[in-house]
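Structure record follows, encoded as structure tokens.
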């Protein structure tokens, strides 16, 4: 069982909208999700951070009731998604990893028709669709065909569509993968507004910056298991140092330089293209490297990130 | 950059609150009409030529075979023993074929595309729709097309003077029954198809069924074992049913033909719903 986070504990018993205990999904002998447990209180932005194939999307599908779990318990708004799929999904907005907009319909019609799937009346849907088009900055595209939209526009339309039923929980599977930086920032801004309005966000990502920007709390998943759980800041505090010194000595030297750097900083990580020195004070560590007469090709001092947490926990990079 | 005025946050509208609190089982949310509405909206922008060709195909057969070949054949024995023109003999059979083609086109090729390329059903099943809503909605759309083809073809028969009894108007609902049988099964079968090559197998089954199901000549020309085989096929029952209705002659066999389709419909809907559940709610 996960423990309630501090803010929820302060207001008494937290209202969990999602609870998973020993959630497991097997495909034959392979466990895509291997006994994970977590709880999400209402209004939280909760992240699943991990590399491709970690089991993030499978977990999302089980929450949406479109993939049946092998074992464990799962409750969404107190309902079992395997037993009450349509009822559970009435509470959800889903942004799948790949856009599945209705290409045969125009932009605004996509929103109207999707709302009808939830059994919502047209008198509600028409003003709501216009409002969401505004929100997604697509008002002038209302009558366009879907395939005329750019990748970022399609993504925003998919998010607008997922909001048509005013969901309490929004599931976002890799929401910004494949988008250019500007489109990502627009999306983050929209998601942040939703969070401010009290929508619970469940987000999978393999971008650490995205997780740091958006998530109150996250679990780091790898090979179907939870490696760590906490807020981005607390995970960095717990599993990494304040700063990191990145050194590049050229691909030949990187592998052998380790012994000569022994004792600098708290920990050393050797990657194929660079050496990472974890230290409270990166500049001081760099001075010590120079003092030992070592001359890296490039050097960079930066703050620790979730990438470093993941590296520490699994020995691998998030994006490779 | 404007904020959402009323806010998409939780429970700001009573209708969304009501939509959240509806209760239903894992397969069906009583919302078939949303799937139908979507289909009609999409049809507005779809290719009308494809739809029209499905209507004209049997009409062309009727003209070439009925009028052309009919001039050589003369009159033949219809159901109940009366002499009817060759065109009047094959017209109800072609109507059955027309109903089959319309239903099969919608429930196979259209569904195949939506399933594998447009990912339409994945999107639908992430809402509060259940697989039974989706299956029933798609089948209904196929029936609507079948109804349009049947009505058009019956009108052509009337114009050609091939309708001799008021009973013939019942060919339209009967054609819809035939379409229902094919549509419900077609969608279930399509769910097994993964490639375009496999989809060609459907044509490979349909064409011989069209040619040999006593469409152009009576079943009695075949040796007994082949007769049995043809009688096991769905189209033969449709051809016989409509042929009987076209002249207003009803026998106990009429009930068998109708029963055949009723069973086909039930099995087809069960198959399709089960397959959609298996494919999309893994």
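Listing for the model above:
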{"read-out": "Residue B:130 within 10 Å of the chain's Cα centre (by Cα) and crowded, with 24+ Cβ neighbours inside 10 Å", "value": "no"}
{"read-out": "Residue within region B:87-102 that is free of Cβ contacts under 8 Å to residues at least 24 places away in the same chain and buried (at least 24 other Cβ atoms within 10 Å of the Cβ) present", "value": "no"}
{"read-out": "Any chance residue A:47 is surrounded by 23 or more Cβ atoms within 10 Å (Cβ to Cβ) and either outside any helix (DSSP H, G or I) or at the interface with chain B (Cβ under 9 Å from one of its Cβ atoms) (or both)", "value": "yes"}
{"read-out": "Residue in region B:170-188 that is at pLDDT 85 or above and out of contact with any helix residue (DSSP H, G or I) (no Cβ under 6 Å at 6 or more places or on another chain) present", "value": "yes"}
{"read-out": "Selection count where residues are surrounded by 24 or more Cβ atoms within 10 Å (Cβ to Cβ) and more than 7 Å from every other protein chain (Cβ to nearest Cβ), scope region A:114-131", "value": "3"}
{"read-out": "Members of region A:74-108 that are at the interface with chain B (Cβ under 9 Å from one of its Cβ atoms), part of a loop (DSSP other than H, G, I, E, B) and either touching a residue at least 24 places away in the same chain (Cβ under 8 Å) or within 21 Å of the chain's Cα centre (by Cα) (or both)", "value": "A:77, A:90, A:91, A:96, A:98, A:99, A:100, A:101, A:102, A:103, A:105"}
{"read-out": "Any hit, region B:81-101, residues being closer than 30 Å to residue B:31 by Cβ and within 14 Å of chain A (Cβ to nearest Cβ)", "value": "no"}
{"read-out": "Within region A:132-147, considering residues that are in a helix (DSSP H, G or I) and in contact with a helix residue (DSSP H, G or I) (Cβ under 8 Å, 6 or more places away or on another chain), the one nearest to the other protein chains (Cβ to nearest Cβ)", "value": "A:135"}
{"read-out": "Out of A:309, A:289, sole residue that is touching a helix residue (DSSP H, G or I) at 6+ places or on another chain (Cβ under 6 Å) and surrounded by 16 or more Cβ atoms within 10 Å (Cβ to Cβ)", "value": "A:309"}
{"read-out": "Filter result (facing chain A (nearest Cβ under 10 Å) and either at pLDDT 90 or above or surrounded by 14 or more Cβ atoms within 10 Å (Cβ to Cβ) (or both)) within region B:37-76", "value": "B:37, B:38, B:39, B:41, B:42, B:43"}
{"read-out": "Members of region B:174-198 found to be in a helix (DSSP H, G or I) and surrounded by fewer than 12 Cβ atoms within 10 Å (Cβ to Cβ), listed by number", "value": "B:196, B:197"}
{"read-out": "So residue A:79, is it in the same structural domain as residue A:159 (by TED's automatic domain parsing) and under 30 Å from residue A:134 (Cα atoms)", "value": "no"}
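Yes or no, residue by residue, for (1) more than 28 Å from the chain's Cα centre (by Cα); (2) more than 16 Å from residue B:165 (Cβ to Cβ):
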| residue | (1), (2) |
| --- | --- |
| B:51 | no, yes |
| B:62 | no, yes |
| B:67 | no, yes |
| B:74 | yes, yes |
| B:83 | yes, no |
| B:91 | no, no |
| B:99 | no, yes |
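The values are calculated or read from the model by the stated rules, or taken from the named source; none is laboratory data. All values derive from a computational prediction rather than experimental measurement. Heads up, the Cβs are rebuilt from the backbone with ideal geometry, glycines too, and the neighbour counts pull from every protein chain shown.
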